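What follows is one structure encoded as structure tokens, with my remarks underneath.
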Amino acid sequence: MDLSIVISLYNENESLVELVEWIGRAIDGKIPDYEIVMVDDGSTDGSWQTISMLSEKYGSKIKGISFRRNYGKSAALYCGFAAATGDVVITMDADLQDSPDEIPELYRMIREDGYDLVSGWKRHRLDNKLTKNIPSKIYNATARRITGIKLHDMNCGLKAYRNEVVKNIEVYGEMHRYIPYLAKNAGFTRIGEKEVVHRKRKFGKSKFGINRFVNGYLDLLSLWFLMTFGRKPMHLFGLIGSLLFIIGGIMVIWVIIEKVSNQIHGIDYRAVTEQPLFYLSLTAIIIGTQLFLTGFIGELISRNSEGRNTYNIKDRLNLE
């Protein structure tokens, strides 16, 4: 199989027929062997019935996965990636804001230019500037800074991947926003970018609100932490805990030495337990011990963790 197109959707019934027809026109005669994997993320508007109808019309070119409830885009992509068999995998949204006309060039960049991943860049966005464009610029600037990946639009749904990439990354939670970062940390460093057309939504309304930028920022911090210390939590908790324990121990010793010295020289002194520094040092020792143990337990968990992705799939189409 040359190409797999993975489409995650939630209540996009009105656009599905037009989208599939447009994809066919865009790649007709350019990529002969392709499949479209449509993942219905718990839609309630009849999207699955439309996918079933398209499967009957186009045969095995249309594959479908239907969730019993809405799990989110990351879950949909995870299952779509697992089902994809093409040498190149392209993801796109189902709302017709991503143009299928971009597919042949994205495919070429993976096959001929040797990229592991190519991300779309919606340079000229048609969204509301106040609620989407400006927050998106801030979000992407932060993502570039933390991940070290120089992409203008990290969260663009239109992306192309080498098959090995999607089979070796784990997309869960809401980490679909950071697939390039996941790919980079999995060893796929040839990451490119292509400017793509952004179209206005033709049907329905956006499923994402302003809160996605707040959640995206928090997810980015979580992902950075997991990528940096997820496999070695002792390197963070153990280091900080050890430092606090040592500092607390030094302060306790200092308080005791000071008291003994004052006794020897006949200087007035306060009991050790009457000095605030003594209690601060005890607090540092206790917190340091807890952090060290947290790192130790984290190491045990990370070495014995099992897979976390278990999604309740209701139905499948043309999947072996």
(message) For the structure I just gave you, tell me whether Val118 is out of contact with any Ser or Thr (no Cβ under 9 Å at 6 or more places or on another chain), part of a strand (DSSP E or B), among the hydrophobic types (A, V, I, L, M, F, W, C) and more than 15 Å from Tyr34 (Cα to Cα).
(response) yes
(request) Please determine, by comparing only the residues of segment 159-174 that are over 13 Å from Ile191 (Cα atoms) and of a type in the set (D, E, K, R), which one is modelled with the lowest pLDDT. (result) Glu174
(request) Kindly indicate the residue of segment 159-177 that is assigned to a helix (DSSP H, G or I) and in contact with an Asp or Glu (Cβ under 7 Å, 6 or more places away or on another chain) and also surrounded by the fewest Cβ atoms within 10 Å (Cβ to Cβ) among those meeting that condition. (result) Asn163
(message) I need every pair where a residue in segment 83-97 that is closer than 16 Å to Ile65 by Cβ has its Cβ under 6 Å from the Cβ of a residue that is aromatic (Phe, Trp, Tyr), sequence separation at least 6 or different chains.
(response) Val89/Tyr161
(request) Please indicate, with yes or no, whether at least one residue in segment 232-247 is at pLDDT below 75 and within 30 Å of Ala76 (Cα to Cα). (result) no
(message) Quick check on Ala183: is it over 20 Å from Ala75 (Cα atoms), crowded, with 22+ Cβ neighbours inside 10 Å and either without any contact (Cβ under 8 Å) to a residue 12 or more places away in the chain or under 20 Å from the mean Cα position of the chain (by Cα) (or both)?
(response) no
(request) Hey, could you check segment 245-292 for residues that are in contact (Cβ under 8 Å) with a residue 12 or more places away in the chain and outside any helix (DSSP H, G or I) and say which is surrounded by the fewest Cβ atoms within 10 Å (Cβ to Cβ)? (result) Ala271
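Among Leu96, Leu77, which is crowded, with 16+ Cβ neighbours inside 10 Å and on the phi > 0 side of the Ramachandran plot?
Step by step, each of Leu96, Leu77 is checked, and only Leu96 is crowded, with 16+ Cβ neighbours inside 10 Å and on the phi > 0 side of the Ramachandran plot.
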(request) Those residues that are among the acidic types (Asp, Glu) and surrounded by fewer than 24 Cβ atoms within 10 Å (Cβ to Cβ), I need them from segment 1-40; list them, please. (result) Asp2, Glu14, Glu18, Glu21, Asp28, Asp33, Glu35
(request) Starting from residues that are small (Gly, Ala, Ser) and in contact with a Gly (Cβ under 8 Å, 6 or more places away or on another chain), keep the ones in segment 233-275 and report whichever is nearest to Thr289 (Cα to Cα). (result) Gly241
(request) Would you point out the residue of segment 54-72, among those that are not in a helix (DSSP H, G or I) and not basic (Lys, Arg), that is surrounded by the most Cβ atoms within 10 Å (Cβ to Cβ)? (result) Ile65
(request) Taking the residues in segment 116-158 that are of a type in the set (Gly, Ala, Ser) and buried (at least 16 other Cβ atoms within 10 Å of the Cβ) as candidates, determine which candidate is modelled with the lowest pLDDT. (result) Ser136
(message) Please go through (1) closer than 30 Å to Leu151 by Cα; (2) crowded, with 22+ Cβ neighbours inside 10 Å for Ile51 and return the number of the only condition it doesn't satisfy.
(response) (1)
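The values are calculated or read from the model by the stated rules, or taken from the named source; none is laboratory data. Because the structure is a prediction, the values reported are computed rather than measured. Cβ coordinates were reconstructed from backbone atoms using ideal geometry, including for glycine residues, and neighbour counts include every protein chain displayed.
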